[in-house]
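Below you'll find the structure, written out as structure tokens, and then a few comments.
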Amino acid sequence: MNSYFHILIKYGDKYEVLEFGDLIEVKSKGVSGGLDVQLRNLEYDLSKVQIPQNLEEQELKQNLRQNNLKQQMRPLKKS
């Protein structure tokens, strides 16, 4: 049986593609010259996918963190 496929992981307008080679593990059987091909841990491979973020999102998150930190560092007003 031959098979070949890709898995598309999409979040909003961002995506990442896992190819067949990303999902299998190939080992040599040694002297016999054969190959042992097995499916890797699919759950792990899917969970390690990092959807690329655009620069605007990264800057927004950084600004929010900085503003939150500045608010926490403000001195308390005396009554």
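For this structure, a couple of remarks:
- Top-ranked residue in region 41-59 [being assigned to a loop (DSSP other than H, G, I, E, B) and of a type outside the set (A, V, I, L, M, F, W, C); ranked as modelled with the highest pLDDT]: 41
- Residues of region 20-40 that are surrounded by 11 or more Cβ atoms within 10 Å (Cβ to Cβ) and in a loop (DSSP other than H, G, I, E, B): 40 alone.
- Members of region 2-23 found to be among the charged types (D, E, K, R), modelled with pLDDT of 80 or more and under 14 Å from residue 50 (Cβ atoms), listed by number: 10, 16, 22
The values are calculated or read from the model by the stated rules, or taken from the named source; none is laboratory data. Everything quoted here is computed from the prediction, not taken from an experiment. Every residue, glycine as well, gets a Cβ built from its backbone with ideal geometry; the counts of neighbours run over all protein chains shown.
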